[in-house]
Structures are given as structure tokens and as C-alpha cells.
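A.B. asks: A single structure is presented below for examination.
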Amino acid sequence: MARLPNPKSPRRETSPEQTRAALVQAALKLFGRQGFDGTSTREIAAEAQANIGSIAYHFGGKEGLRAAVADYIVETIQAVAGQALAAGRAPASGQAAPAGDPEAARAQLFAAIEGIVGFVVAQPRAGEIVQFLLRELQHPTAALDRVYDGVFEPTHRRLCHLWEQATGEPAESERTRLTVFTLVGQVVYFRIGREAVKRRMGWHDIGAAEAAKVVAVTTDNLSAILAARMGSKPPIGSKQ
């Protein structure tokens, strides 16, 4: 149960922007933990230490707040993906990948996997984002549409074009799209299966040191897939 504010303690002074951000963070946490229907606006306001009326003022209501949470997720993941793919030169949606340097593209795939692990596995805020998204994936709403259109589809498409540059396999082929899902999915498991991983590995927590070990294994997997597809030894950029 969310904690209620102490009526005897003065409410902290915050700007409208700070209040709005606090409400989004509180909603992200509670919607992921308790579900949209299982979370009241009163609980969100209490978690954010804000007046309950501020939800209607800033978002028009609970549904608008859920949309704002989706937009926050889009902005956050776009920033992470942008850094991970900064060296890539994937073309815009629907265009053919230009001829480039396959070795550079392969190196960028390794960098992308490392960046995804660094965020999904090691960053605490990723836990609340993934928890929220898992609920949306099970019971899709307009919030999932915003995240899919803003992050999932374009990022997956960019990785597919990078794969084409690295291997020559068509970016939009079924095999390429499934391969990219596999590469990302192996990383996501370390977040959704976090407790099982910690127990089996004997880890107290999963921080930077543990994430580095996950990077080593996932990049080994990428290296093996590339080598199998290209019929050669593991490419430059592998962690072997």
C-alpha cells in the first residue's frame, strides 16, 4: 500500500514542472507494480507528494497520466538507443541500406548490445520501465501504441538495417527480424528474470560488474551468430 503523507509535515515546495515529473515517476512505479486499474489517483498523489488535484491539472486525469508515462518511456529509451546506435548509419524507414563498411557495422552491433545491457540490466530505473511495459504487452492499450510507434518499431528497424550492412542479409527478411528479436530478447531476460538469475548465480545484486559479465556472454552469442551466417571465424569486435 502506498504511503500517505503525514498531515503534520509541511508539503515541500515544488515547481509545476517538478510536480508533473514526480507524478509521472510515481505513476510509472505504481502502474507497473499494481496495474492501472489497481492504482488510485490518491495513491499516485501520495507517492509523488503532490495534491491529488494536480493530476487533473497536468494530465486531465488518470488516462492522460498513463499516456504521459508512455511518452516518458519513449524519451528515455530513445536517448539510450540513440547513444548505442550513434555510430550506425541506418537509413530511414522503408529505404534500402546503402553499401558501407561491414566490419564497422558489425562493430556497431557489438556496441549496441553492450549499450542495451548497460541500461536494461544495470540501470535501476529500467526495472520500473520494463515492469510497466510487461503489463502493457499482456493487456495492450493506447500507451503501448505510443511506445511501439515511438521506440519498439523504429529501433528494431534500425537494428535490422545495421544487420543488413553487417551481413548482407535483407533487413526486412523474416530471418533478420527474428534474429534481432533474439538478440534483444536475451538481454531483456536478465531484467524480467532478475531474481532467478541472482539466485542461480549467487549474486547479491546485478550492478556494473555483473552487467559486464552479461555483456561478455551476449556478445559471444552475437559473434557466434555472425560467424555462422557468414561462414567464417568470429568477426572483429567479439569479446572472445
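A.B. asks: So for the pair Q83, H156, with labels modelled 7 Å out along Cα→Cβ, what separation do we get in nm?
C.D. replies: My value for the distance between the label points is 2.4 nm.
A.B. asks: Using Cα atoms only, what is the angle between the long axis of helix 124-138 and the major principal axis of the chain, expressed in degrees (0 to 90) to the nearest 10?
C.D. replies: Computed tilt is about 90 degrees.
A.B. asks: Taking the Cα centre of the chain as the origin, how large is its charge dipole in debye, to the nearest 20, when only Lys and Arg (+1) and Asp and Glu (-1) carry charge on their Cβ atoms?
C.D. replies: My answer is approximately 720 debye.
A.B. asks: Which FRET efficiency value, to the nearest 0.05, do you get for L137 and D101 by plugging their Cβ-Cβ distance into 1/(1 + (r/R0)^6) with R0 = 30 Å?
C.D. replies: On the way: r = 36 Å, r/R0 = 1.19.
FRET efficiency, L137 to D101: 0.25.
A.B. asks: While we're on this one: For the chain, which span is the longest to avoid every loop-located (per DSSP) member of trypsin sites (Lys or Arg not before Pro) having at most 12 other Cβ atoms inside 10 Å?
C.D. replies: Between exposed loop sites, the widest span is 13-240.
A.B. asks: Compute the helix-to-body angle for 62-84: its Cα long axis versus the longest principal axis of the chain, expressed 0 to 90° and rounded to tens.
C.D. replies: Here the helix axis deviates by roughly 30 degrees.
A.B. asks: Calculate, in nm to one decimal, what T14 and V217 gain on full extension: separation in residues at 0.36 nm each, minus their alpha carbon distance.
C.D. replies: Extending this stretch completely gives an extra 68.6 nm.
A.B. asks: Among L133, L30, L226, which residue has its Cα furthest toward the positive end of the charge dipole of the chain, with +1 on Lys/Arg Cβ and -1 on Asp/Glu Cβ?
C.D. replies: Projecting each Cα onto the dipole axis, the largest value belongs to L30.
A.B. asks: Let me ask another. Please give the length that would be gained between E75 and A21 if that part of the chain were fully extended, namely 0.36 nm times their separation in residues minus their C-alpha to C-alpha distance (nm, one decimal).
C.D. replies: 18.1 nm
A.B. asks: Let me ask something else. Label M201 and F181 with points 7 Å out from Cα along Cα→Cβ: what is the distance between them in nm?
C.D. replies: It works out to 2.6 nm between the two label points.
Bear in mind that the values in this text are calculations on the coordinates, not laboratory data. Because the structure is predicted, anything quoted here is derived from the model rather than measured. Quick reminder, even Gly has a Cβ in these numbers, built from the backbone with ideal geometry, and neighbours come from all protein chains shown.
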